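Please read the structure below before turning to the comments.
Laboratory data are not the source of any read-out in this text; all were calculated from the coordinates shown. These figures come from a predicted structure and were not determined experimentally. No Cβ is skipped: glycine too gets one built from the backbone with ideal geometry, and neighbour counts run over all protein chains shown.
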Amino acid sequence: MNRSYLVRNEKKRKVYTVQVLKEFSFILAAVNFTFNDGILSTIEFNSYRHGVTKYSIPEDKFSGSLWESESDAMAISNLNYHYTSIGLSGTATNNELDIKIVNSVLESIKDTELNSILEKIIEKKEKSEFDIEEYFSDKCF
């Protein structure tokens, strides 16, 4: 497994991404930092095993979705029964499940510097735009 780092610039939006790749570029886990007009607005955690959750900085809360089970996906329609396509369920997660997703992602990434940046933002409520840009400046070109 190896990590990759990406920066995507749009007109008024910038997204920094760190992801863990398995063989064949299969994404196991990812964290996306989204900046709107230069201000950090959301942090998204993507877990292959559990689902996706976003932490909204202005609202100071998580909102996420879990992956459907295979039986849930098959129950949608006859077509889905024979050609199962598993997606995110519309059910919002509770805080305990959001934390499970976050922990799963952080365990996969295994980066203490990234963990301390996230702790600073989520737990200590400190602004960290500079820390994030500094973190990615060494890894992206």
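Shown is the FRET efficiency for Glu107 and Glu10, computed with R0 = 25 Å from the Cβ-Cβ distance and rounded to the nearest 0.05: 0.25.
Multiplying the residue separation of Ile27 and Asn115 by 0.36 nm and removing their Cα-Cα distance gives an extension gain of 29.8 nm.
Taking other C-beta atoms within 10 Å as the exposure proxy, Lys12, Lys61 rank Lys12, Lys61 from fewest upward. The modelled label-to-label distance for the pair Lys139/Ser56, using points 7 Å beyond Cα in the direction of Cβ, is 2.7 nm.
So for each of 112-123, 38-49 I average, over its residues, the number of other beta carbons within 10 Å; can you give me the resulting order with the highest mean first? Walk me through the intermediate numbers first.
Values: 112-123: 14.5, 38-49: 17.7.
Top of the packing list down: 38-49, 112-123.
Listed cross-link partners Lys12/Lys125; Lys14/Lys100; Lys110/Lys139; Lys61/Lys127; Lys61/Lys110 are compared with a 19 Å cut-off, the Cα-Cα value being larger for Lys12/Lys125; Lys14/Lys100; Lys61/Lys110.
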